[in-house]
1. Take Val497 and tell me if it is open to solvent by less than 10 Å² (accessible area, probe 1.4 Å), among the β-branched types (Val, Ile, Thr) and in contact with a Lys or Arg (Cβ under 6 Å, 6 or more places away or on another chain).
2. Being open to solvent by 20 Å² or more (accessible area, probe 1.4 Å) and of a type in the set (A, V, I, L, M) is the filter here; which residues of segment 334-361 pass it?
3. If you check Gly229 against the conditions, is it assigned to a loop (DSSP other than H, G, I, E, B) and within 27 Å of Asn49 (Cα to Cα)?
4. When segment 290-334 is examined, which residues are found to be part of a helix (DSSP H, G or I) and more than 19 Å from Asn346 (Cβ to Cβ)?
5. So is Tyr472 in contact with a strand residue (DSSP E or B) (Cβ under 8 Å, 6 or more places away or on another chain), modelled with pLDDT under 95, under 29 Å from Glu83 (Cβ atoms) and aromatic (Phe, Trp, Tyr) or not?
6. Out of segment 308-326, which residues are crowded, with 16+ Cβ neighbours inside 10 Å, of a type outside the set (Lys, Arg) and modelled with pLDDT of 95 or more?
7. So which pairs qualify, if the first residue must be in segment 129-158 and under 21 Å from Ser471 (Cα atoms) and touching a residue at least 12 places away in the same chain (Cβ under 8 Å), the second must be in a loop (DSSP other than H, G, I, E, B) and aromatic (Phe, Trp, Tyr), the Cβ gap must be under 8 Å, and the two must be at least 6 apart or on different chains?
8. Please go through segment 439-471 and pick out each residue that is farther than 19 Å from Leu55 by Cα, part of a helix (DSSP H, G or I) and touching a residue at least 12 places away in the same chain (Cβ under 8 Å).
Amino acid sequence: MSKSRSLVRFLGLAFVIALLLTLVVSGAGAQEGKVLVTGLNMVAGDPDNGLDPALSSTIQSITILEQLYVGLSRLDEETVEVEPGISTWEFDEASRTFTFSIYPEISWVRWNGEAVEQVTDESGNVRYVTANDFYYGIMRTLNPETASDYAYVLAPVIEGGNAYNSGEAGPEAVQVTVVDDLTLQITTVDTAAFNINILGLWMAFAQPQWAIDEFGDTWVEAENRQSYGPFVMSEWNHDSDITIVRNPFWAGTENIPAPALDAVVFRLIDDAAQFAEYQAGTMQAATVPSPEIERVKADATLSEEYYAGFESCSVYYGFNVEKEPFTNVNIRRAFSLAVDRESLMNDVTRDGRLPATFFTRPGVVAGPTPETNADLGVSFDPEGAQAALEAGLAELGLGSIDELPEITLAYGDTEYNGLIAQAVQAMWEETLGITVTLQPLDTTTYYDVQQEDAAQIHRAGWCYDYPDANSYLYDVFRTGASANYPNFSNEEFDSLVNEARTLSDPAERLALYVRAEQILVEEVAAIAPLYWHTTRQIVAPNVVRTFSQIGFERLENWDIQ
């Protein structure tokens, strides 16, 4: 989930900041200009798919979308508890139906080039967010012609969603009903506790049909975009920066306040460039690059501004089970057992990320942890790796490693990914005697390439969309899932994750997910888990902030003193 590139132009940035500091927003008395300049952890290019709620799939895109729109529900960024978004709801368990009551008079807004203004219809009436806008957004995402990457998360939750998204039925099969302007009913397939989380995700946001009909694919540009959340996009300099400004028509709700910040500038640059700008005083919030972590911790001033905490991402090397020699389970197992994850994190990167022995990031509902499931997963085992390699060669009818085909490891071309790849390449050569060719690829298209035709070994990562083990195992690795780059398919695994999502007892669900992890990483060895993310943020002392546990920040809760 990452992309982008851009060179820093300090004069250009200074001009943008100066402009924003004098910002006067229509419809509300302007505050003294409070502009936060931060980064979006990009390496090359823009966030994916034009920041379209129906199409976006990366954490960078979601970070922006969550500032511009509000779902039917949402997660509190610090407690990770589900809370009202733009609606309250009631759930009838017998009929499996949610009835959402949407808050009245939440207006659609746009940036007109000079200020934020309310969107009006052909008669000059203000357009307010309605149940029909959510219906349109959900149906647009599920429509197979939209080709949404994330429809596969939404579709299994809504009755008729899979049938419509797969083309087996028409839109009439989808059990989403507009009762009136402010009431929406959604019937779910089951009563899973996480359904309410999924119905609040970005791919189910309200979407402006009139704007999409008028502008087509360019509706996402700043000059055409229409939204309704705490912030409004005012500028998008592609491959360089994105600016959002305070929405004066967002009065705030009980749990979503009106922003204190007047604007936020997201620089589309990598960690190293962010940190350089932070040290130069031109950025107030940045990600600290891994090589700088120890220095930051040792610095009396910087250490006070540094924050390391939970982040929901899990990173692994996947083995394409349809490409030789990784069609063989023992070859896959050998490569996984030959990775010294402890050394990788503690000696190579030394940045506080955690060595992973299984896929699901610990700390989610019904998910395993190293403390509760100490024997789960894979660890460095040189003798086991050599034994598995010998067994694999015999099963393939090969006399030695010299008869193996050339093996390539593909990864998005970043400094950190390259550091990891080189270290693991050396481990494979030392333990297995096999030289693996490294293939750094353009980060803007990397995941599209892997989804279409994954390399023999490929780096991939996953950050949860909601804090439940289902978001990892069911959403990523069930047969046919769009992020299932290794083409992993196992009947028992599918049965386990299908059953686990329908149960309410966390202990029962945990037992099923533990077994699913055993199949994925031990028995089938479709992936080699590498590490679990932690945050690496540094924020200026005059910034008042929350400490998010959900993978992105809710900037309406931030302020500058």
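The values are calculated or read from the model by the stated rules, or taken from the named source; none is laboratory data. Since this is a predicted model, take the numbers as computed values, not measurements. Note that each Cβ is placed from the backbone with ideal geometry, even for glycine, and that neighbours are counted across all protein chains shown. What goes into the accessible areas is simple: the full protein's heavy atoms, side chains included, and nothing from ligands, DNA or RNA. Shrake-Rupley method; radii C 1.70, N 1.55, O 1.52, S 1.80 Å.
1. yes
2. Residues satisfying the conditions are Leu337, Val348, Leu354.
3. Yes; evaluated as a whole, the condition is true for this residue.
4. Correct list: Ala300, Thr301, Leu302, Ser303, Glu304, Glu305, Val329, Asn330, Ile331, Arg332, Arg333, Ala334.
5. no
6. Ser314, Val315, Tyr316, Tyr317, Gly318, Phe319, Asn320, Val321, Pro325, Phe326
7. These pairs meet every condition: Thr141/Tyr150.
8. Once the filter is applied, which keeps residues that are farther than 19 Å from Leu55 by Cα, part of a helix (DSSP H, G or I) and touching a residue at least 12 places away in the same chain (Cβ under 8 Å), segment 439-471 yields Ala469, Asn470.
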